[in-house]
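Please read the structure below before turning to the comments.
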Amino acid sequence: MGKGKRVEEKPKKVKRKMSKEEIEKKKKIITRTFFSLIAVIIVIFALLILNDYIILDKNKKTNLVINNKNITTSLKNDILIEDSVIYLSKADVGNFFDKYIYNDNESNQIVTTYDKKIASIGFEENNIIINGSKKKIYAHAIKKDDVEYLPISEMADVYDVEIQNMENTKVITMDSLDREQKRAIVSSNLPVKSSTNFIAKTLDRIKKGESVIVISSDNGYTRIRTDRGKIGYIKSDKLENEYLVREEMPQDKQVAGKINLIWDYFSTVGSAPNRDGTSIDGINVVSPAFFYLDTNGEFKENIGNNGEAYINWAHNNGYKVWPMFSNSEAAGESLAITSKIMNSYKARQELIENVVEIRWNKYRL
């Protein structure tokens with residue numbers, strides 16, 4: 001047999017025995033690492049606990065919450081509070097309530113409309129006119145640093161809102177009275193968080209038995225608003241006895257669905273047509289020429305006995321009566337009269353009051 005190759009064995013490494021000093025040094029490193037880790041865990045745990053008690057969301061300036069939405073960053077001008085009266089700039093009122101708000105130079109007033117209301121407020125007298133009725137208030141419009149402000153806290157009736165000022169937290173809330181509002185009772189003391197994340201800053205703290213406004217619920221969390229105006233999140237199972245404070249008010253519409261209208265035009269010297277015993281298929285509104293403006297721009301009505309019979313016919317058939325304005329003058333003169341009235345707040349108000357008096361108080365159209 002041939003000779004096989006000789007396999008050389010590698011020498012085995014002999015593990016060096018650690019010296020006493022090295023062993024002690026390693027123990028110290030392990031000990032320090034262990035206690036450092038414990039310290040970090042304790043700090044994190046302490047911070048989590050403290051985060052539930054330390055309120056980090058302290059407002060430096062007054063915040064505005066409209067219908068459970070903080071719109072402070074959208075304000076064009078800061079809110080003013082003077083002698084307990086809250087002022088909102090005309091630009092912000094236009095942005096959030098009435099985009100058609102304007103200055104009437106003739107009367108030196110700010111005119112604003114909202115829903116079925118038209119209001120005017122001046123810069124000198126403490127009163128406001130709402131739909132022709134004058135009301136005494138505690139402030140008037142002001143101008144500061146070339147910015148016009150309205151006493152919004154005195155105008156709650158105009159915009160149908162409930163206004164509250166939480167001075168301690170620098171939050172003003174405005175809630176529309178035609179919107180639903182729900183509340184619930186808190187079942188334990190707990191923090192209100194900025195989000196549903198595991199770690200989130202504390203915005204407010206609420207106590208067991210407190211009532212909060214319920215905004216929305218999702219995935220085990222409920223978005224709420226506290227009585228200090230802070231909006232945040234708590235776990236849904238921490239709420240009980242939810243109740244309805246205010247129901248949502250449906251819009252008051254004279255006609256449900258599509259409007260199908262016909263005009264019944266007759267001259268200012270004519271009279272409403274006699275439609276007794278007839279009906280018109282497919283309509284729900286009639287518009288007779290009951291009102292007109294004379295050559296001096298004065299309001300006139302042309303209803304009479306024939307008009308009353310026409311109104312009764314329409315109501316018996318289930319039709320709404322929406323009177324229209326006519327004008328017998330030439331087109332140019334008619335336009336001039338209309339423009340004169342439309343460009344004067346006082347003239348418009350007089351015209352509106354005349355229409356309201358005739359339409360609602362006299363004929364109940």
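We did not get these values from a lab; they are worked out from the coordinates using the rules stated. Remember, it's a predicted structure, so these values are computed and weren't measured experimentally. Neighbour counts are summed over all protein chains in view; Cβ atoms, including those assigned to glycine, are modelled from backbone coordinates with ideal geometry.
Miscellaneous remarks
- Each of TRP322, TRP263 was scored by other Cβ atoms within 10 Å of its Cβ. Listed from fewest to most, they are TRP263, TRP322.
- Listed from fewest to most Cβ neighbours within 10 Å, the set GLU350, GLU162 follows the order GLU162, GLU350.
- FRET E, pair LYS135, ASN343, Förster distance 35 Å, beta-carbon r, rounded to 0.05: 0.85
- Residue-by-residue Karplus 3J(HN,Hα) for segment 30-35, coefficients 6.51, -1.76, 1.60, Hz, glycine and proline x: 5, 5, 4, 4, 4, 5
- Cα pair count fraction exceeding 37 Å, expressed as % - the chain: 51
- Label-point separation in nm, ASP237 to ILE30, each point 7 Å along Cα→Cβ: 4.2
- Taking θ as phi - 60° and the Karplus parameters 6.51, -1.76 and 1.60, the scalar couplings of segment 133-148 work out to 9, 7, 10, 6, 10, 9, 7, 9, 5, 9, 10, 9, 6, 6, 10, 8 Hz in sequence order, x denoting glycine and proline.
- Built amide H within the under 5 Å cut-off of ASN127, gap 5+: GLY122, ILE137
- Theoretical FRET efficiency, 1/(1+(r/R0)^6), r = Cβ-Cβ of ASN77 and ILE259, R0 51 Å, to 0.05: 0.80
- Dimensions of segment 178-246 based on its C-alpha atoms, expressed as ranges along the principal axes with the largest first, amount to 35, 22, 22 Å.
- Within segment 229-349, DSSP assigns beta bridges of which about 25% are antiparallel (rounded to the nearest 5).
- From its DSSP helices (H runs of at least four residues, each -39,500 (n - 2.57)), the chain gives a residue-normalised ellipticity at 222 nm of -7000 deg cm²/dmol.
- Rg over Rh, two decimals, segment 261-362 (C-alpha only, Kirkwood Rh): 1.00
- Annotation: amide H-H contacts under 5 Å for VAL192 (H modelled 1.01 Å from N, sequence separation of 5 or more, or interchain): LEU203, ASP204, ARG205, ILE206.
- In this structure, the amide hydrogen of ALA272, modeled 1.01 Å from its nitrogen in the peptide plane, lies closer than 5 angstrom to those of GLY307, counting only residues at least 5 positions away or on a different chain.
- Stretch gain in nm, segment PHE266-ASP146, where the contour uses 0.36 nm per residue and the Cα spacing is subtracted: 38.1 nm
- Reduced Cα scattering model of segment 269-323, Debye log10 I(q)/I(0), q = 0.17, 0.28 Å⁻¹: -0.55, -1.16
- Distance histogram in 5 Å bins (all Cα pairs of segment 65-115, percent per bin): 5, 18, 21, 24, 21, 8, 3, 1
- Projecting label points 7 angstrom from Cα along Cα→Cβ for PHE123 and ASN305 puts them 5.6 nm apart.
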